[in-house]
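The values are calculated or read from the model by the stated rules, or taken from the named source; none is laboratory data. Because the structure is predicted, anything quoted here is derived from the model rather than measured. Please note: Cβ atoms are built from the backbone with ideal geometry, for glycine as well, and neighbour counts cover all protein chains shown. Note: accessible area is taken over every heavy atom of the protein model, side chains too, but ligands, DNA and RNA are not part of it. Shrake-Rupley method; radii C 1.70, N 1.55, O 1.52, S 1.80 Å.
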Amino acid sequence: MNSGDVLVIFAILIYFIAVLIIGFSYTKRSNSSSSEYFLGGRKIGPWFTAFSAEASDMSGYLLMGLPGLAYFTGAADAGWTAIGLAIGTYLNWKFVARRLRRYSERAGDAITLPAFYSNRFHDHKNIISTIAAVIIFVFFCVYTGSCFVTCGKLFHTLFGIDYSLMMVFGAIIVFLYTMVGGYLSVVATDFLQGMLMIFALIVIVVGSVAMAGGVENTVAFLQDIPGYLSMTASASPLLDESGAQVLSGLQPLFGDPTNFSIIAIVSALAWGLGYFGMPQILVRFMSIRSDTEIKQSRIIACVWVVISMFCAISIGLIGRYLMPAELLTQSAAENIFIVLSRVMLPSFFCGIVVSGILAASMSSASAYLLITGSSIAENIFRGVFKKNATDNQVLIASRITLACVLLFGIAVAWNEDSVIFTVVSYAWAGLGASFGPLTLFALYWRRTTKEGAIAGMLTGGITVIVWSNFIKPLGGIFGVYELLPAFILSCLVIVVVSLLTKEPSQEIYDEFDHYMDEEKLTDRNPDAVLEGGIPLESPTDPAAQKVHS
């Protein structure tokens, strides 16, 4: 190991220490109650909410998966996916955030997403929350594994250190600060990590453009690769039997471009639907200090997402010009951010920048661990098996769950040839289809029944698994991203089953109407302040009078 490696490791070590200090600093407050540990007492400000939501969303695929996809096949797939994600981010903040913040508090002051679903439909047997917790456990184990893959690849690419060893090391660091500090530590570290991620992306984009001698040189080179810069075609690397791209001298070979069909475009845009069902994002909406701060958070989050994804794709494209024959497999291509950082930056500064990759993976992994722990402990342990459990017992159950997810995530990540983008897309579809339609119907359709909610949730999750493994391989129209058909089927099932089953009770209707009246009041007077559901302004407004009554 040379002196440069020592400086890189020193910079990364500083990052690790900072994260752990933040995590441990919130120990006392987080452990005061389960509400503080799982939701921060609903006292999170707009900047921390926005950065935490997006940092936990944009896992290793932002700094590795997305640039790797752009590097290997060009602009189309990565570009359309980014467009879908940007649109989905805005729509989720616009149509879900404020309503969920308000309704989750009115519906029994729910502190987890499964609890909100159960409270919304007055499911006293906790069937909905139990199923939701199991779905979260299954898909978040996969999701968490993708984050651990990022840690292992980072250290293996930088220093040649054993992939498995460093993957496990990164997983343990995440586990420690999540277990000790709870939601507050996760949000605080997410803010730091969100700042670091966007800083790292901007630095590498600017540096790579300068290294390439300007945008014109890069574009001229990439235009010679068939379909590489097109948004309606995808470049087709010629691969040998091992899956590595074939070279002619030092130049990679490409075949005829593949038409990026309407099905492919729709599949990429469908990624945006996943946002409506992402627990790690929805719980941020539930924790914000006031629903009046949602608009500010939405602007911050959307700007962050657009800039970050634009930079991530640019890194992949420019990286192909700078290092055309450096990374010959799709899995290896996901290291382009790391390789560029090492080449163009001084060692210590390189360590700071590549810590952005750790930031991306660790912020997401910590969110997944905490949400899974809270769902199992609060909704299954206390909701089903020990209804009189104390907060301390719930916290112990949560930490046991964290350890289980840690082990499952390590098992998922053990194969160092895992493609982060592929792993993430599967888990994203499963969670988006299971919870996305249910969230929208719970917030917008009063006639939704408990039976419809259960049927829709199960339909979404099962369809993703079946479609991905048995239908998608058929190709053609069936090759569409599994999230889209699963989302549509889940919506249809919710509507059909709800209409065929008994109407919700009058108590549920009254609760929904009360919540909707609050929405109408806020729509008419965006500056109105609601405290405990009681409007403090515009007392002459008909909606306000109805709420008061």
(request) Test TYR509 against the criterion of being more than 30 Å from VAL423 (Cβ to Cβ) and of a type in the set (Phe, Trp, Tyr), and give yes or no. (result) yes
(message) Contact list please: Cβ distance under 8 Å, first residue in region 396-410 and aromatic (Phe, Trp, Tyr), second residue surrounded by 18 or more Cβ atoms within 10 Å (Cβ to Cβ) and in a helix (DSSP H, G or I), pairs at least six apart or on different chains.
(response) PHE408/CYS141; PHE408/THR144; PHE408/GLY145
(request) Taking only region 108-120 into account, find how many residues are open to solvent by 10 Å² or more (accessible area, probe 1.4 Å) and outside any helix (DSSP H, G or I). (result) 3
(request) Tell me which residues, restricted to region 274-316, are among the aliphatic types (A, V, I, L, M), modelled with pLDDT of 90 or more, under 25 Å from GLY373 (Cβ atoms) and out of contact with any Ser or Thr (no Cβ under 6 Å at 6 or more places or on another chain). (result) MET278, ILE281, LEU282, ALA301
(request) Six or more apart or on different chains, Cβ under 7 Å: which pairs go from a residue in region 475-500 that's free of Cβ contacts under 8 Å to residues at least 12 places away in the same chain to one that's of a type outside the set (D, E, K, R) and open to solvent by 10 Å² or more (accessible area, probe 1.4 Å)? Could you list them? (result) PHE478/ILE471
(request) List every residue pair whose Cβ atoms lie under 7 Å apart, where the two residues are 6 or more positions apart in sequence or sit on different chains, the first residue falls within region 94-108 and is among the small types (Gly, Ala, Ser), and the second residue, located anywhere, is open to solvent by less than 10 Å² (accessible area, probe 1.4 Å). (result) ALA97/PHE285; ALA97/ILE294; SER104/ALA110; SER104/PHE116; SER104/MET286; ALA107/PHE116; ALA107/ARG120
(message) When you check ASN392 against the structure, is it part of a helix (DSSP H, G or I) and surrounded by 24 or more Cβ atoms within 10 Å (Cβ to Cβ), yes or no?
(response) no
(request) Hey, can you tell me all the residues within region 247-295 that are closer than 18 Å to GLU519 by Cα and open to solvent by 20 Å² or more (accessible area, probe 1.4 Å)? (result) ARG289, SER290, ASP291, THR292, GLU293, LYS295
(request) Note down all Cβ pairs under 9 Å where the first residue falls in region 330-344 and is open to solvent by 10 Å² or more (accessible area, probe 1.4 Å) and assigned to a helix (DSSP H, G or I), the second is modelled with pLDDT under 90 and among the small types (Gly, Ala, Ser), and they're at least six residues apart or on different chains. (result) GLN330/GLY243; SER331/GLY243; SER331/SER418; ARG342/GLY4
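Among the listed residues SER355, SER341, SER374, SER363, identify the single one that is among the polar types (S, T, N, Q) and modelled with pLDDT of 85 or more. I'd like the intermediate steps shown before the answer.
Numbers: SER355 fails: modelled with pLDDT of 85 or more; SER374 fails: modelled with pLDDT of 85 or more; SER363 fails: modelled with pLDDT of 85 or more.
The match here is SER341.
Mind checking whether some residue in region 412-420 is over 21 Å from LEU282 (Cβ atoms), among the polar types (S, T, N, Q), open to solvent by 60 Å² or more (accessible area, probe 1.4 Å) and part of a helix (DSSP H, G or I)?
First, the residues of region 412-420 that are over 21 Å from LEU282 (Cβ atoms): 412-420.
Next, only the ones that are among the polar types (S, T, N, Q) stay: 415, 418.
Narrowing further to those that are open to solvent by 60 Å² or more (accessible area, probe 1.4 Å): 415.
Right, trim to part of a helix (DSSP H, G or I) and you get none.
Within region 412-420, not a single residue is over 21 Å from LEU282 (Cβ atoms), among the polar types (S, T, N, Q), open to solvent by 60 Å² or more (accessible area, probe 1.4 Å) and part of a helix (DSSP H, G or I).
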(message) I'd like the residue in region 243-287 that is free of Cβ contacts under 8 Å to residues at least 24 places away in the same chain and part of a loop (DSSP other than H, G, I, E, B) and, out of all such residues, is nearest to the chain's Cα centre (by Cα).
(response) SER261
